[in-house]
Amino acid sequence: MSAIERITCVVGDITHERTDAIANAANSELAGGGGVDEAIHRAAGPGLMEELRRRYPEGCPTGEARVTSGHELSARFVVHCVGPRWRGGEAGEAELLASSYRSALELAEDLEARTIAFPAISTGIYGYPVREAARVALGTLASELEARPSIESVRMVLFDEEHLNVHVEVLEELAG
Ligand code: AR6
């Protein structure tokens, strides 16, 4: 199957995903917050924060990712990705966003995760325009999957229909 065919976009709540790993849209303190981060912490239980504090007291730089177990989630692992805040587009946002997806897939491969689900990192509280973010996210995932055959499928889990439609359009553009 081609890399693009291994990407599926769906509407849903990522905390319900049964993939081997789910990605979180975290902050560089790995301190929890609002949005999907809050939903993941609530569903995973307090062990998630305890593990983050113990293993990563220094947090995680923007554009990188760190792994914990999934605790009470169905997913075995949570890959905490730190995307950039949108600052108008000229502050290296695209490279940092691409780098957070790339880091997550590198970690997923190391963990021997065959399936992973992502939220649309940076498109909520961090204000990244959704179409621009979708181009970076899906373009990066497609090229990374090409190089990582052990990852069988990636699910982009969007929170609403509007975000889903944008991602489906961008995926069609990429498929040519
Ligand atoms: N499942 C899937 N997607 C979701 C869910 C969910 N349960 N909840 C929200 N989204 P955001 P960011 C979507 O704000 O922009 C936190 O405080 C949401 O609609 O969660 O990267 C962190 O601690 C949006 O499209 O993350 C950081 O401080 C997408 O997830 C900061 O927010 C990402 O929105 C990170 O901001």
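Every read-out reported here was derived from the displayed coordinates using simple, explicitly stated rules and does not represent laboratory data. Values in this document were obtained by computation on a predicted structure and should not be read as measured data. Neighbour counts run over all protein chains shown; Cβ positions are idealised from the backbone, glycine included.
Let me make sure I get this right: for the stretch 41-104, a, b and c are the square roots of the gyration tensor eigenvalues over alpha carbons, sorted descending. Under 1.5 in a/c it's rounded, otherwise prolate if a/b > b/c, else oblate. Which is it? Mind dumping the intermediate values first?
Values: a/c = 2.55, a/b = 2.16, b/c = 1.18.
Cα axes put the stretch 41-104 in the prolate bin.
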Check: Gain in length, residue 91 to residue 165, computed as 0.36 nm per residue apart minus the alpha-carbon separation, to one decimal in nm?
Finding: 23.9 nm
Check: Taking Cα pairs under 8 Å and at least six residues apart, what relative contact order does the chain come out at, in percent?
Finding: 31 percent
Margin query: Tell me which GluC sites (Glu not before Pro) from the stretch 76-176 have a DSSP coil assignment and no more than 16 other beta carbons within 10 Å of their own.
Written below: 90, 112, 152
Check: What is the sum of charges around residue 176, taking Lys and Arg as +1, Asp and Glu as -1, for the other residues whose C-beta is under 15 Å from the C-beta of residue 176?
Finding: -4
Next item on the list: Show me 59-69, 18-28 ranked by packing, highest mean number of other Cβ atoms within 10 Å first.
Entry: 18-28, 59-69
Next item on the list: Could you please report the charge total around residue 145, scoring K, R as +1 and D, E as -1 over all other residues with beta-carbon less than 13 angstrom from its beta-carbon?
Entry: -1
Note to self: Given points 7 Å out from each Cα along the Cα-Cβ axis, report the residue 146 to residue 112 separation in nanometres with one decimal.
What the structure shows: 2.8 nm
